[in-house]
Structures are given as structure tokens and as C-alpha cells.
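Take a look at the structure set out below.
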Amino acid sequence: MNDTYVYIIVALLPLAASMVVLQVNPYHALVIRGILGAVAALVYVVLGAADVALTEALVGTMLAITLYAIAVRSSLVMRLGVLQDESSEADDNHYFGQLMNNLRTIFGKRHMRLELVPYTNTQALHRALMDKEVHAICTPSEHSQQDSTVSGGEKQPYHTTTRVQRIYDIIQNELSSPGTTLIYVSTSDSREKHP
């Protein structure tokens, strides 16, 4: 009896597993993980272990993929706190819309979503940043206490503060036309002072 097809199917397992590990896009990795589970279930069926194949298909493929999809969807979000009037008038304000489009492009390269979280006033924005409800906040320069000029002396229309060093580095390195001054604040220092 020729069992060559079994060897071919079994050879797909390490190939699919290595593709999952090397995949950059997390959504593509989920699809490949589903393929890996389907191939594993097929191997179990061919080898006569139908009960293990059913378990692999239900738990290892369907349930795992669903849970991974939820985890990926919720973890790849950059939450940006903005004033309520800014988020509602984003279409009217050219500078704000351009800044948000630039940030969406930057984080889109990393398969992340930019989620705007509106707050009623600047105190609520700063509290949300320190309480780790948002990753960064963006306020118009007139609402900011910080000096909002850049090295050339040009006043920027917005002021962005982040508590995540990696987000600060990404925005600082990739934002071509700023439109905002960028500040990094450490929330760990404020937590130590106020337990």
C-alpha cells in the first residue's frame, strides 16, 4: 500500500508551524494557525484517531482561533484621548484631521488601530492618561500648559503627550509633518509618589 500522501500531509505540519512563527501580520498568522489546526486534524483522521481529530478541529482550531482573534483585536489598539469638541469637529478642523490621518498611517503600518476617546475637559484627559485609560492625549495648544514651540520657533496647533515610550519613539521618528509637539511622561513616577 502506498502511504506517500500521509508523508506529504505530515510534512505540511512543520511548514505551517514555521509560517505561523515567521508571520509579521497577526491577522495572517491567525489564518495560518487555522490551516495548521486543519492539517493536524487531517493527520489524526488519516492515522485513525477520529476522536483526537474532532478535538483538534473544535478546540485547537475553532476555539483557539476565536480567542486569539479577540486578543489580537483588543491588544492592537492605540487609544488617543481628545477633547470632545475636537473629535466631533474633526472634519471641520484641517490640522486635526491631517494629524489623525498621519497617526492612522503610522500605526497602520504596525497593524494597529487608532481609537479616539473623547473627554469633556483637559483635566479629564490628563487624569485618563495618568490612570492608564489611554496611551496618549492630544490637546489644542491653547489648552496645554506646556510650551508648544518646536526648535525653529514655529508654534504647533496641537500638543500630544504619551505615557508609552515605544509610542513616543514611533511618532517622533515617523511623523513627517508634525502639527503637534510631542512629550513623553512617565506614569510610574507619579504612581510612586501617590500610592
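Here are some notes:
- Verdict on Gln145 being modelled with pLDDT of 85 or more and surrounded by fewer than 12 Cβ atoms within 10 Å (Cβ to Cβ): no
- Only one of Thr66, Thr55 that is polar (S, T, N, Q), assigned to a helix (DSSP H, G or I), over 13 Å from the mean Cα position of the chain (by Cα) and exposed (fewer than 12 other Cβ atoms within 10 Å of the Cβ): Thr66
- Here Asn121, Asn102 are screened, and the one residue that is closer than 20 Å to Tyr158 by Cα and exposed (fewer than 13 other Cβ atoms within 10 Å of the Cβ) is Asn121.
- Residue-level analysis places Ala11 among those that are more than 28 Å from the chain's Cα centre (by Cα), of a type outside the set (S, T, N, Q) and more than 30 Å from Arg127 (Cα to Cα).
- When Val82 is tested against (1) in a helix (DSSP H, G or I); (2) in contact (Cβ under 8 Å) with a residue 40 or more places away in the chain, only condition (1) is not met.
- Hits in region 6-23 (condition: more than 18 Å from Thr61 (Cα to Cα) and in contact (Cβ under 8 Å) with a residue 12 or more places away in the chain): Val6
- Among (1) touching a Gly at 6+ places or on another chain (Cβ under 9 Å); (2) assigned to a helix (DSSP H, G or I) - the single one Pro118 does not satisfy: (2)
- Counting the residues of region 105-114 that are surrounded by fewer than 13 Cβ atoms within 10 Å (Cβ to Cβ) and modelled with pLDDT of 90 or more gives 0.
- Gly60 being more than 27 Å from Leu116 (Cβ to Cβ), buried (at least 18 other Cβ atoms within 10 Å of the Cβ) and among the small types (Gly, Ala, Ser): yes
The values are calculated or read from the model by the stated rules, or taken from the named source; none is laboratory data. Predicted model, so just to flag it, every value in this text is computed and none were measured. Methodologically, a virtual Cβ is constructed for each residue, glycine included, from the backbone with ideal geometry; neighbour enumeration extends over all protein chains shown.
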